[in-house]
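The values are calculated or read from the model by the stated rules, or taken from the named source; none is laboratory data. What you see is a predicted model, and the numbers here were worked out from it, not measured in a lab. Counting neighbours? That spans all protein chains shown, and the Cβs are built from the backbone with ideal geometry, glycine included.
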Amino acid sequence: MNNWIAFITIFTKEVRRFTRIWPQTLLPPAITTSLYFLIFGTLIGQRIGKIHDVSYMEFIVPGVILMSVISHSYANVVSSFYSTKFQKHIEELLISPVPNWVILAGYVSGGIARGLMVGSVVAGISLLFTNILPENLGLALFVVLMTSTLFALAGFINAVFADSFDAISIIPNFILTPLSYLGGVFYSVSMLPEIWQKISMLNPILYMINAFRYGLIGVSDVDIQMAFIITSGFIVVLIFFSLFLLHKGVGIKN
Amino acid sequence: MKALSIRNLQKTYKGGVHALKGIDLDVEEGDFFALLGPNGAGKSTTIGIVCSLVTKTKGTVKIFDADLDKNRELAKSYIGLVPQEINFNQFETVQDILLNQAGYYGIPRKQARKNAEKCLRQMQLWDKRNTVSRRLSGGMKRRVMIARALVHSPRLLILDEPTAGVDIEIRRSMWQLMREVNAEGTTIILTTHYLEEAENLCRNIAIINHGRIVENSRMSSLLARLNVDYFVMDLAHPIKEVPEIPGFSIELEGDSLLNVAVPKEQGLNRLFQELTKRDLQVLSLKNKSNRLEQLFLDLIDKDQPQSA
């Protein structure tokens with residue numbers, strides 16, 4: 001059994017799926033983030049002034065990019081894997097000799113690919129509004145890669161448990177989006193009262209956004225090492241949990 | 001070699017339904033095997049377990065000697081499944097469905113294209129290779145599922161009601177395709193509700209009921225057990241009274257149709273002699289029910305649980 005071929009098959013299928021429906025997958029984040037940059041960055045940002053010695057526009061760019069990466073990595077896997085379950089063509093994979101880890105790697109890689117593609121689109125749009133030269137491009141790319149991996153895995157788990165289309169929109173709408181907005185995309189946590197600063201530190205997305213911001217503009221509210229430890233820890237836990245679910249056949253086998 | 005060997009297979013669903021109560025089943029390599037049973041008997045559960053779609057509670061399954069628990073990937077590589085329901089991605093083209101399936105079995109893309117072409121030509125779908133699958137007719141979708149199941153050249157092909165809901169013309173052409181696939185050496189297990197289909201295609205048969213195998217034998221020896229054949233005769237002229245012929249049970253339907261039960265020891269020749277003596281002319285004759293259908297019903301009736 002050639003697992004590489006099986007992996008490439010799943011990955012290619014996923015990439016073809018979201019590029020085929022680009023008006024649903026790639027165009028909306030371009031429009032939404034243009035509006036963010038225009039309204040929050042250009043119009044309101046001019047009145048806010050500087051945060052951590054950078055313009056408000058420069059301050060929000062990393063968070064807006066990473067927020068798009070998070071939501072699209074997650075959305076790609078949750079919608080694709082749930083549709084696969086819903087239309088029952090998951091059976092093609094279950095019958096075949098593809099190991100569970102290859103199934104997981106294929107879907108998660110598809111989510112990462114979409115996250116990175118959307119991130120690139122948003123980053124390109126941001127250049128229309130500001131001229132950011134990355135402080136540490138390697139670090140920024142690594143953070144994006146880790147973050148998209150983490151949320152692609154989370155999307156996979158959501159899809160495994162989901163038993164309706166409502167169930168795949170609950171977590172993005174009621175957990176992911178609030179945590180992203182409260183993760184310091186549009187503000188620095190240092191601006192919050194002390195109690196809210198402490199509460200914010202419980203939000204894992206805060207660490208990722210700040211690590212990415214550090215890579216792009218050299219500014220962060222959190223310890224970068226801690227950001228890597230938290231993100232890596234979540235990735236490892238979610239990989240093992242996903243493989244456990246696949247092994248047990250939760251949500252996909254009778 | 002045994003294509004499939006099942007021992008003490010048990011399945012209890014979460015709600016407590018005991019779907020399989022310890023099934024033993026062997027299917028020889030090269031066989032065309034029928035697995036029959038009424039709805040809810042355990043056929044689909046058995047197939048689901050063999051194809052890794054259902055988790056078993058207990059027992060062992062070996063496919064060409066590869067244990068599904070101990071040598072999972074090898075065992076799975078031998079199987080091709082044509083399921084009851086359409087389950088391919090209806091937004092993909094016919095060819096992509098086959099190429100993806102080949103990819104899941106680790107077949108390189110160049111070889112996969114050759115296999116896909118062979119299967120699509122065999123199923124008379126080559127002209128439709130670039131058609132998005134949801135635009136195909138029902139019969140074509142069924143053939144896509146067979147082509148998909150064959151693209152990795154499985155040694156064991158499982159057909160779970162492959163002709164359900166298709167018209168008679170397509171069904172007959174699918175029978176021919178199945179015969180060809182079997183003649184090429186692929187072992188086939190067929191479940192169907194069309195008992196005529198099983199009788200025509202299969203050499204061996206198992207009947208499952210209430211989660212147990214109630215019959216497992218050669219098709220010919222099973223059919224040989226049938227003692228009575230039921231015929232419908234169309235008479236040339238209407239009659240008013242049912243002819244009484246000793247040894248035969250006869251009913252009159254309308255005024256020119258006779259339903260006749262013919263015991264094997266009496267035979268049709270004697271029946272016709274007796275009818276001729278009574279000046280009754282028969283225009284046409286047909287089997288009232290399929291022979292296997294009668295046996296099937298008898299076996300299932302015998303296996304009904306005793307009421308308190």
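A Cβ distance below 7 Å, combined with a sequence gap of six or more or placement on separate chains, defines the contacts here; from region B:86-104, residues that are closer than 18 Å to A:Val15 by Cα reach residues that are surrounded by fewer than 20 Cβ atoms within 10 Å (Cβ to Cβ) and hydroxyl-bearing (Ser, Thr, Tyr) in the pairs B:Thr93/B:Thr131. When B:Leu81, B:Leu98 are checked against the criterion of being surrounded by 15 or more Cβ atoms within 10 Å (Cβ to Cβ) and either within 10 Å of B:His152 (Cα to Cα) or of a type in the set (Asp, Glu) (or both), B:Leu98 stands alone in meeting it.
All of B:Arg109, B:Arg172 fail the test of being more than 14 Å from every other protein chain (Cβ to nearest Cβ), without any contact (Cβ under 8 Å) to a residue 40 or more places away in the chain and among the basic types (Lys, Arg), apart from B:Arg172. Within region A:91-134, the set of residues being within 11 Å of another protein chain (Cβ to nearest Cβ) and under 24 Å from the mean Cα position of the chain (by Cα) comprises A:Asn100, A:Val102, A:Ile103, A:Gly106.
Of everything in region B:262-281 that's of a type in the set (A, V, I, L, M) and crowded, with 16+ Cβ neighbours inside 10 Å, which residue is farthest from B:Leu226 (Cα to Cα)? Top of the filtered list is B:Leu280.
When region A:34-89 is limited to residues that are within 14 Å of chain B (Cβ to nearest Cβ) and aromatic (Phe, Trp, Tyr), the one that is surrounded by the fewest Cβ atoms within 10 Å (Cβ to Cβ) turns out to be A:Phe86. So which residues in region B:147-169 are among the hydrophobic types (A, V, I, L, M, F, W, C), assigned to a helix (DSSP H, G or I) and closer than 11 Å to B:Pro83 by Cβ, if there are any at all? The one that is among the hydrophobic types (A, V, I, L, M, F, W, C), assigned to a helix (DSSP H, G or I) and closer than 11 Å to B:Pro83 by Cβ: B:Ala149.
Taking strands (runs of 3 or more DSSP E) that fall entirely within region B:192-308, which contain at least 3 residues that are farther than 25 Å from B:Asp26 by Cα? Outline the logic, then answer.
Numbers: elements: B:204-209, B:212-218, B:228-235, B:249-253, B:257-263, B:282-287.
Correct list: B:228-235, B:249-253, B:257-263, B:282-287.
Within region B:23-53, being assigned to a helix (DSSP H, G or I) and not hydrophobic (A, V, I, L, M, F, W, C) holds for B:Lys43, B:Ser44, B:Thr45, B:Thr46, B:Gly48. Return yes when B:Thr60 is of a type in the set (Ser, Thr, Tyr), more than 10 Å from every other protein chain (Cβ to nearest Cβ), in a helix (DSSP H, G or I) and closer than 30 Å to B:Ser221 by Cβ and no when it is not. Spelling it out, it is not the case that B:Thr60 is of a type in the set (Ser, Thr, Tyr), more than 10 Å from every other protein chain (Cβ to nearest Cβ), in a helix (DSSP H, G or I) and closer than 30 Å to B:Ser221 by Cβ. Which one is farthest from the other protein chains (Cβ to nearest Cβ), of the residues in region B:25-49 that are surrounded by fewer than 15 Cβ atoms within 10 Å (Cβ to Cβ) and over 19 Å from B:Phe296 (Cα atoms)? Among them, the one singled out is B:Glu28.
Residue check: is B:Gly80 small (Gly, Ala, Ser), in a loop (DSSP other than H, G, I, E, B) and either farther than 30 Å from A:Phe86 by Cβ or at pLDDT 95 or above (or both)? Show your work before the answer.
Working: small (Gly, Ala, Ser): yes; in a loop (DSSP other than H, G, I, E, B): no; either farther than 30 Å from A:Phe86 by Cβ or at pLDDT 95 or above (or both): yes.
No.
Pairing each residue of region A:218-240 that is surrounded by fewer than 17 Cβ atoms within 10 Å (Cβ to Cβ) with any residue that is assigned to a loop (DSSP other than H, G, I, E, B), provided the two are 6+ apart or on different chains, yields C-beta distances under 7 Å for A:Gly218/A:Glu135.
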